[in-house]
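Rule-based calculations on the coordinates, nothing more; no lab input. Because the structure is predicted, anything quoted here is derived from the model rather than measured. Cβ atoms come from the backbone with ideal geometry, glycine included; neighbour counts cover every protein chain shown.
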């Protein structure tokens with residue numbers, strides 16, 4: 001016997017990650033396979049997965065159950081984190097990555113000439129904008145509802 005709720009949530013995550021490739025192309029005009037495995041971007045895979053689990057649980061067990069309460073709270077925490085904490089960390093990473101050049105500009109020097117660039121930049125695409133979370137959540141709700149109605153009730 002398999003865990004249909006987990007499979008449904010993982011399928012929603014996979015679908016969201018795969019959708020990032022054409023979405024990235026539409027936004028930048030470039031095909032970048034790294035967008036499939038990266039964090040951030042449209043749609044939010046985290047939001048898709050947790051919403052799929054919550055929708056699956058609501059569809060299969062009902063919204064008045066402890067199972068739904070747990071999955072709904074998990075969804076709220078994950079989506080809040082994606083839109084706020086992780087997104088702000090990404091914005092800070094942008095500023096830190098540009099700090100060397102900013103200091104040189106303030107000193108009146110030409111950026112990049114007087115120092116060696118850091119070998120490894122901080123990852124800047126960590127979190128999501130609200131529309132990315134909403135898109136992931138909508139995708140997850142569809143997966144969760146379909147997963148819930150195609151399983152037997154216990």
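Okay, here's what the table says:
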item	result
Spacing of the two label points (7 Å from each Cα toward its C-beta) at residue 10 and residue 149, in nm	2.5
Rg in Å to one decimal, and Dmax rounded to a whole Å, for segment 23-84 via C-alpha atoms	14.9, 46
Ranked 35, 44, criterion: other C-beta atoms within 10 Å, fewest first	35, 44
Computed E for residue 81/residue 2 - FRET, C-beta separation, R0 30 angstrom, nearest 0.05	0.60
